[in-house]
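K.L.:
Below are the structure tokens for one structure; questions will follow.
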There are 2 protein chains.
Amino acid sequence: LDGRAPQGEFASYLAFLAEADRLKSVLRASFLCDLSRRENSAEHSWHLALYALVMAPHSGSQVDIGRVIRMLILHDLVEIDTGDVPIHAANGQTHHGAAQMAAEMAAAERIFGLLPQPLGAELRALWTEFEANETADAVFAKSLDRAQPVMQNIASGGGTWAEYQVTYEQLVERVGVRIERGAPMLWSWLSASAQIYFRR
Amino acid sequence: LDGRAPQGEFASYLAFLAEADRLKSVLRASFLCDLSRRENSAEHSWHLALYALVMAPHSGSQVDIGRVIRMLILHDLVEIDTGDVPIHAANGQTHHGAAQMAAEMAAAERIFGLLPQPLGAELRALWTEFEANETADAVFAKSLDRAQPVMQNIASGGGTWAEYQVTYEQLVERVGVRIERGAPMLWSWLSASAQIYFRR
Ligand SMILES: [Ca+2]
């Protein structure tokens, strides 16, 4: 918002929402199912919320689906500052490295800090919970975040797996373990569906 | 999904989620805040869910914010078949015309029909409730759907209002009334912020 916008109690909410708009310009490695382009992190986050709505009965543990959806809506906002780090990039070494985590913490501080308290702290706590991947809600949310690109790759004939020369064993290790932890039946379906793309 | 995908209880969930992916290719009239391109309906739906999280305390009536977010995630899926009809297009006459409403009903039948029952019927009922705009949850969700493009236009220096030659009176009539009904304080802030773009 430029200097002409009025101030007042809504100004900080709307500054945050205009900043969040930039997530629509953060590109991910995954393609749309029709391969027309790579997807961005905002539409990815929407897709995950829809995954949660549909997959709720298949979570491994009892979850509060409303909290899961909130986490998924917020989970990538830090990428406005850091960009998306593809899970299979640099042979799987960069994702969740110490440098990335420090950058994401700083981004969370800046972006959620645009909001007044206690709202900013509440939303930041949901993001921290998602990242820690310990509570049942976070574990399920994280499993969907890992499952959706697998699905995009299956729907688009293999997608980014060939590009990053991923083996089936790497897929299991980098994403399968987490999907299975949060949504075991979903992983068993996805792994059966994905295997065909890794046959030599 | 092509014929090689395994069947089973997850096949219909994932067929629905792959179909939903097409919402990322439905373009709206509104621009991103940085004017780099028009936004699509999937990322718009994500942005609205974030609006709901932030604006929840400012709803005109008591709402169940979890239901509001669910409605907002689902509300534009019918546009996969019908496309987005800009609210200010054709001098405001096309939006919510009888032909558009019939097409959207058919789209809802097809798209939610991809899901097994009772899930498909449950999600379709949320969409129907949103469209009817009668319950407190729907009225608040609809107010955010109307408020977000106003915000995008303010943040981008007037956006689509000049393109569609919208007057301030038309803005009040086409979107202001609905925003005020669901979120009165938000409308009073937005109308003050928007007025500068309509000065002659
Ligand atoms: Ca990410």
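K.L.:
Please work out the FRET efficiency for the pair A:Q165 and B:A99, using the Cβ-Cβ distance as r and a Förster radius of 41 Å; give the result to the nearest 0.05.
P.N.:
With a Förster radius of 41 Å, E is 0.25.
K.L.:
Okay, next question. Stokes-Einstein at 4 °C, 1.567 mPa s, Kirkwood radius from Cα pairs: D for the range A:113-185 in µm² s⁻¹?
P.N.:
93
K.L.:
7 Å along Cα→Cβ for the label point: how many nanometres lie between A:V172 and each equivalent label in the other copies, listed shortest first?
P.N.:
Ordered by distance, the counterparts are at 6.7 nm.
K.L.:
Can I ask one more? At a threshold of 8 angstrom on Cα-Cα distance, excluding pairs fewer than six apart, so keeping six or more, what relative contact order does the range A:39-156 reach in percent? Mind dumping the intermediate values first?
P.N.:
Working: 103 pairs, mean separation 36.7, N = 118.
Relative CO of the range A:39-156 lands at 31 percent.
K.L.:
Could I ask something else about it? What part of the accessible area of the range B:11-198, given as a whole %, is carbon or sulfur when the probe is 1.4 angstrom?
P.N.:
54
K.L.:
Taking both sides together, what accessible area is buried at the B/A interface, probe 1.4 Å, expressed in Å² and rounded to the nearest 100?
P.N.:
The contact between A and B buries close to 5100 Å².
K.L.:
Projecting each Cα onto the charge dipole of chain A (Lys/Arg +1, Asp/Glu -1 at the beta carbon, about the Cα centre), which of A:G120, A:M71, A:S45 comes out farthest on the positive side?
P.N.:
It is A:S45, whose Cα lies furthest towards the positive end.
K.L.:
Before anything else, pin down the relative contact order of chain A: Cα pairs under 8 Å, at least 6 apart, normalised by residue count, whole percent.
P.N.:
On the way: 254 pairs, mean separation 49.0, N = 200.
Taking the mean separation of contacting Cα pairs over the length of chain A, I get 25 percent.
K.L.:
Can you check what the Kirkwood hydrodynamic radius comes to for the range B:59-200, Cα pairs only, in Å to one decimal?
P.N.:
Value: 16.1 Å, from the Cα pair sum.
K.L.:
Given a Förster radius of 41 Å and the C-beta distance between A:L27 and B:E173 as r, what FRET efficiency does 1/(1 + (r/R0)^6) yield to the nearest 0.05?
P.N.:
Calculated value: 0.60.
K.L.:
Report the Rg/Rh value for the protein assembly as shown, based on alpha-carbon coordinates and the Kirkwood definition of Rh. Could you put the intermediate results ahead of the total?
P.N.:
Values: Rg = 20.7 Å, Rh = 21.6 Å.
With Rg and the Kirkwood Rh in hand, the quotient comes to 0.96.
K.L.:
When the helices in chain B are scored as -39500 (n - 2.57) per DSSP H run of 4 or longer and the sum is shared across all residues, what 222 nm value do you end up with, to the nearest 500 deg cm²/dmol?
P.N.:
-16500 deg cm²/dmol
K.L.:
Still on this structure, please answer the following. Of all GluC sites (Glu not before Pro) in the range B:98-200, which ones are in loop regions per DSSP and have a Cβ with at most 13 other Cβ atoms within 10 Å?
P.N.:
Sites meeting the loop and neighbour criteria: B:E134.
K.L.:
What is the spin-label model distance, in nm, from A:A15 to A:F198 if the labels are put 7 Å beyond Cα along the C-beta direction?
P.N.:
4.8
K.L.:
Could you check which residue among B:F140, B:F130, B:F16 shows the biggest mean-square fluctuation in a GNM of chain B with a 10 Å Cα cutoff?
P.N.:
Residue with maximal mean-square fluctuation among B:F140, B:F130, B:F16: B:F16.
K.L.:
What helices does chain A have that are whole DSSP H segments, at least 24 Å long along their own axis by Cα, and with mean Kyte-Doolittle hydropathy of 0.0 or more?
P.N.:
The answer, listed by residue number, is A:136-155.
K.L.:
Mind ranking A:I80, B:I196 by accessible surface for me, highest first, 1.4 Å probe?
P.N.:
Of A:I80, B:I196, the descending order of accessible area is B:I196, A:I80.
K.L.:
Only loop residues by DSSP count here, and only those with at most 14 other Cβ atoms within 10 Å; note down the trypsin sites (Lys or Arg not before Pro) in the range B:19-90 that meet that.
P.N.:
Answer by residue number: B:R37.
K.L.:
Next up: Tell me, what is the per residue accessible area of chain B in Å², probe radius 1.4 Å?
P.N.:
40
K.L.:
Under the √(5λ) rule applied to the eigenvalues of the Cα gyration tensor, what semi-axes describe the equivalent ellipsoid of the range B:1-131? Give them in Å, descending.
P.N.:
Output for the range B:1-131: semi-axes of 25, 19, 17 Å.
The values are calculated or read from the model by the stated rules, or taken from the named source; none is laboratory data. Quantities reported herein were computed from a predicted structural model and do not represent experimental measurements. Counting neighbours? That spans all protein chains shown, and the Cβs are built from the backbone with ideal geometry, glycine included. Quick note on the areas: whole protein, heavy atoms, side chains included, nothing else; ligands and nucleic acids left out. Shrake-Rupley method; radii C 1.70, N 1.55, O 1.52, S 1.80 Å.
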